[in-house]
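Each value in this text was obtained by applying a stated rule to the coordinates, not by laboratory testing. This is a predicted model, so every value here is computed, not measured. Here the Cβ is made from the backbone with ideal geometry for all residues, glycine too, and neighbour counts use every protein chain on show.
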Amino acid sequence: MLPALICWCPLASLRSQAAPVVVTTLADSGPGSLRAAIANANDGDVITFAIAGTITNRTGELLLDKNLYITGPGPNTLAVSGNNSSRVFDIAGGVTVNLSGLTICNGSAGDGAASTNSATPGDPGNDGGGIYNWGTLALTNCVITRCRSGAGGAGFSNTGFPMGGTPGSSDGGPGGNGGGMYNAGTLMLVNCSLSTNAAGSGGSGGTPLNGGLSGSTGGLGGSGGGAYDVGTLTVIGSTLAFNSAGAGGAGGRGGAASGTPADGGGGGWGGDGGSGGGLYSESNPTFISCTFAGNTAGAGGLGGLGGAGYSSLVISSGDGGPGGEGGGGGGGKVEGRMLNAERRTPLVVMPGREGKDSTAAGAGGEGGLLAQPASSSEQRMAMAGLIAERGLGSSSWLILPPLCCRLQAAP
């Protein structure tokens, strides 16, 4: 028998005595639509549905900024889609919402903008592809699938135009976290499935025009393919499967040498892959009868190519720059960092796949006339085994034996 916590209903005292607001059309807007029902509902109202099929958000995400109880007919009957162009639901801070009986799919948080100068990296991708929760949210009998957070923006590359423009280059932006959902409030999942969601990839590092400058580093891959949690999280009877953290961005190519005999610039490092294919949590989550399976941490980005050495027919030529190191894979076979996670009933954690190192470091740049390319740097290795990285891997956390009920820091 599950604890009484499973019966938690945040809106039990808030339900309106008025008749439910009924959605009667699959249209994105207009009379009878879900968007209109949300806009016209009073605080504490119940919204139900007399339709089946897919509601496609064509004019942006649905903002829930009042206390609501939205009751769908079942995830196999009704879906709400972000149309692969916007997040599906945004839960405002200070409100309490209960969503049930829906499939939430094809949500897409916005990508970060590319950098326009060498002093700033690309913008980070936006978090929470399916749902972004600032408030108190209960999800019951829902499916969240095929959602993604935003990709990081590319770093600045100097193309030489306009003449005398900004020299150098900049790093790629990090990918957004929480492909399926991002929780910065209080979240409970009951009998839900989060599957085939993806965190955003890191942006590619920029390339300097010349001068033997090094290429810039690729952005970090986003973490928490299924969900990313920085608030309060309880998960009951739910499955997180076949989600993936974001890949690291590729390093930028090193700048070619110029002027006097000189070596080409080194290629930029590939960005590290994101951690926690299924879930990345910074809180103390509670799990009751849950399954994590088939989730994958992010692969490291490819190291950048080295820049070409300077060529001269009069003086000896420079060497090509070294290739950049490949990015490290994301956290190991655990589904994410779950510190002090309380397991009241058995938690099934199938070994997830750790992120892969970049398949190769960037190749050395071409040498100047008759010069040989420099050898590539060794790649950094991803962590493996039953380990989940914390942040950039400065600390790691292990799962204790099955009879123990808490996860704690590795010695």
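Points worth noting:
- Two-decimal Rg/Rh across segment 162-301, once Rg and the Kirkwood Rh are taken from alpha-carbon atoms: 1.22
- Segment 68-169: mean projected area of Cα convex hull, nm²: 8.0
- Across all directions, the average projected area of the convex hull around the alpha carbons of segment 33-113 is 5.5 nm².
- Positive minus negative residues near ALA39 (Lys, Arg vs Asp, Glu; Cβ under 15 Å): -4
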